[in-house]
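Working notes for the structure below.
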Ligand SMILES: Cc1ncc(COP(=O)(O)O)c(C=O)c1O
């Protein structure tokens, strides 16, 4: 039997199941936007059911969708890719991630990963027989991945560098200068770069998103992931993609064919509509997240909970260390007592036991309700702390 | 997968560029596709309505990793009726189609310390799925007519230490099935050797009458309610004993999170319509296949008896096959080449009206 242990991911699924059993639950855990998919995209899917239900797709995806992706990536990320040989459509960002890791990482290879990070990278790297080398990041620096720390961790087994920006769960965004420096490290040591840009449309305040592949020297060594899931509220449709240089994409395409074959035709047509249709719904959702993020940060300030300022993405990674509780205990208590689901940092890594991850993917009134209930839980915890009995 | 440096990879790619150019230009031709193992028929409006209604109702979000409950239950019920075993929703996982079913079962089901036993003749996707993270394999000899594994080959493999067996019944190439006695013998062998089997029964809906399968120690895989015109929506299934499911489900989460909602709701409605719609569909296909088989035989072609109504396999001499493939390609037909399955003397056509003209071209070759 291949290696298996109770992963952080499994832990989260059991908490989600508990939350689902409460009628009044406020879900601030899962990265699933509360908005339904915009109507014009659903309409396009229905149209495809009538017109294109039996079309067949090659494993790399419909040419029309790959062209729409190429246009999007050039417009938003500033990198040009050939739709015929440099883009593969996937079953969501998740399959894109798995394929990127399998394309680049083999048994014994190491990948440098700023920590904390999206935990599926660890699962995928294990599947490939590789190892993650974690580089710590800290809330005082908004979880910045320091290029100097990354460079110190390169050795002869290092194969790739993982950059998730905006990050899940830390919500950090790699600055243009840091990105340049990180890419330079990859160039100096002939490393590949895995760049996960699934939250690229969500950056806050004056922060800008920088695509790794757009940096000098990066294109030939970078695989980039994106997906429609978060930006278009299309998590259920499973449409994502990988862009990269043809030699790498050739291998990735072979893996896609071997692992799942083509991507569902109806989802692909919906994807074409998403990328080529009106973009106002995306802007509307992004604007809403700005307001909600502000509301959550304000409530956390009121509760005296510290966090790295979320520069991008859809998460807040907050420090509950002062409670003396382990994040699992804390999250479980808030869930059972107050029916509010937040994710324990320990699900992301052992080293993050004092953190919780919160999302703002709920309507604002519901968010406020959840935060109020969290406040009640916090007051209880503080009172117990006062008399020395918090657990 | 070997692990190249950037430079080595670039070099390898350049060597492949010519090859790629050839493949792309072949794909660009508007070929008449007779390469699939079942024709994609018209889509029932009720499937469009039900899927559209699910999307309108907000089923556009992540669904549970193993699939929506109703579809798991419908598949379990269908498999229980078809095989006589007691499958339950908790045994089922919905996949993004047949290839994901192959990958997840071949990679995640315990093969113990032994090799995975594979019949010599198999859908090429099986070896591809195994190749992503290679496991040791042993080859099982097949019989000449059905191209299904011989019992004594299975016995020898199990005695030699194999603990996991992969089989197709019906065969993806010939459509032939293992009968109830053979399956019973295989079930006994599995029990005697504490071994397991993965059985692809994706073409079983195209066989009149029951297609036998062991009731224990077995993973069943296939397309979810095929025949309803939703083949390229891609919904498949894996049915396994409950204690086999956790590692498979965990890997499905890692590589997919869940299966696309339109595909799942489409398959669910196809399942609702299945008992009403599949019998006439099957009858039509059987009649078509039998007329194609008669036509082939009348033209002196060696059409295999097969079993599943959706495919027709022909046995050809090397020169006959080479000429036939050339003629088909000239006329923009695509067929499945047995070489890709491990049977170089066979060609397979999709059973459909267009297959008649392809047969005539082959007969003239
Ligand atoms: C950083 C990151 N990458 C990839 C994914 C996968 O997203 P999906 O498969 O839903 O497109 C997620 C989902 O939460 C994520 O946070």
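Name the residue that is nearest to the ligand (Cβ to nearest atom), counting only residues in the stretch A:324-341 that are at pLDDT 95 or above and not in a helix (DSSP H, G or I). Ranking the qualifying residues of the stretch A:324-341, first place goes to A:341.
Among the residues of the stretch B:225-257, write down those that are in contact with a strand residue (DSSP E or B) (Cβ under 8 Å, 6 or more places away or on another chain), within 12 Å of chain A (Cβ to nearest Cβ) and part of a loop (DSSP other than H, G, I, E, B). Selection gives B:235 alone.
Filter the stretch A:110-130 down to residues that are within 14 Å of chain B (Cβ to nearest Cβ), more than 17 Å from residue A:94 (Cα to Cα) and surrounded by 19 or more Cβ atoms within 10 Å (Cβ to Cβ), then give me how many there are.
So the first thing to find is which residues in the stretch A:110-130 are within 14 Å of chain B (Cβ to nearest Cβ), and the list is A:110-111, A:118-130.
Keeping just the survivors that are more than 17 Å from residue A:94 (Cα to Cα) gives A:110-111, A:129-130.
From the residues that got through so far, the ones that are surrounded by 19 or more Cβ atoms within 10 Å (Cβ to Cβ) too are A:110-111, A:130.
Counting residues in the stretch A:110-130 that are within 14 Å of chain B (Cβ to nearest Cβ), more than 17 Å from residue A:94 (Cα to Cα) and surrounded by 19 or more Cβ atoms within 10 Å (Cβ to Cβ) gives 3.
Table: residues versus (1) in a helix (DSSP H, G or I); (2) away from every other protein chain (no Cβ under 14 Å).
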site: A:269; (1), (2): yes, no
site: A:288; (1), (2): yes, yes
site: A:302; (1), (2): yes, yes
site: A:309; (1), (2): no, yes
site: A:316; (1), (2): no, yes
site: A:322; (1), (2): yes, yes
site: A:358; (1), (2): no, yes
site: A:361; (1), (2): no, no
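A Cβ distance below 6 Å, combined with a sequence gap of six or more or placement on separate chains, defines the contacts here; from the stretch A:145-171, residues that are more than 16 Å from the ligand (Cβ to nearest atom) reach residues that are at pLDDT 95 or above and part of a helix (DSSP H, G or I) in the pairs A:147/A:178; A:147/A:181; A:147/A:182; A:150/A:185; A:151/A:185. For the stretch A:198-241, the tally of residues that are touching a helix residue (DSSP H, G or I) at 6+ places or on another chain (Cβ under 7 Å), away from chain B (no Cβ under 14 Å), within 14 Å of the ligand (Cβ to nearest atom) and assigned to a loop (DSSP other than H, G, I, E, B) stands at 3. Select from the stretch B:39-73 the residues that are outside any loop (DSSP other than H, G, I, E, B), within 25 Å of the chain's Cα centre (by Cα) and more than 10 Å from chain A (Cβ to nearest Cβ) and list them in ascending order. Those that are outside any loop (DSSP other than H, G, I, E, B), within 25 Å of the chain's Cα centre (by Cα) and more than 10 Å from chain A (Cβ to nearest Cβ): B:69, B:70, B:71, B:72, B:73.
Looking at B:220, B:268, B:190, B:165 in this structure, which one is buried (at least 24 other Cβ atoms within 10 Å of the Cβ), in contact (Cβ under 8 Å) with a residue 24 or more places away in the chain, assigned by TED's automatic domain parsing to the domain that holds residue B:78 and in a helix (DSSP H, G or I)?
On the way: B:220 fails: in a helix (DSSP H, G or I); B:190 fails: buried (at least 24 other Cβ atoms within 10 Å of the Cβ); B:165 fails: in a helix (DSSP H, G or I).
Exactly one of B:220, B:268, B:190, B:165 is buried (at least 24 other Cβ atoms within 10 Å of the Cβ), in contact (Cβ under 8 Å) with a residue 24 or more places away in the chain, assigned by TED's automatic domain parsing to the domain that holds residue B:78 and in a helix (DSSP H, G or I), namely B:268.
With respect to (1) in contact with a helix residue (DSSP H, G or I) (Cβ under 9 Å, 6 or more places away or on another chain); (2) over 25 Å from residue A:76 (Cβ atoms), the lone exception for residue A:129 is condition (1).
Within the option set B:239, B:235, B:256, being surrounded by 24 or more Cβ atoms within 10 Å (Cβ to Cβ) and closer than 27 Å to residue A:48 by Cβ holds for one residue only, B:235. Taking the condition more than 20 Å from residue B:167 (Cβ to Cβ), within 16 Å of the ligand (Cβ to nearest atom) and either touching a residue at least 40 places away in the same chain (Cβ under 8 Å) or touching a helix residue (DSSP H, G or I) at 6+ places or on another chain (Cβ under 9 Å) (or both), does residue B:51 pass? So residue B:51 fails the test. The residue list A:162, A:191 contains one member that is modelled with pLDDT of 95 or more, facing chain B (nearest Cβ under 10 Å) and in contact with a strand residue (DSSP E or B) (Cβ under 6 Å, 6 or more places away or on another chain), which is A:191.
The values are calculated or read from the model by the stated rules, or taken from the named source; none is laboratory data. All values reported here derive from a predicted model rather than from experimental measurement. Here the Cβ is made from the backbone with ideal geometry for all residues, glycine too, and neighbour counts use every protein chain on show.
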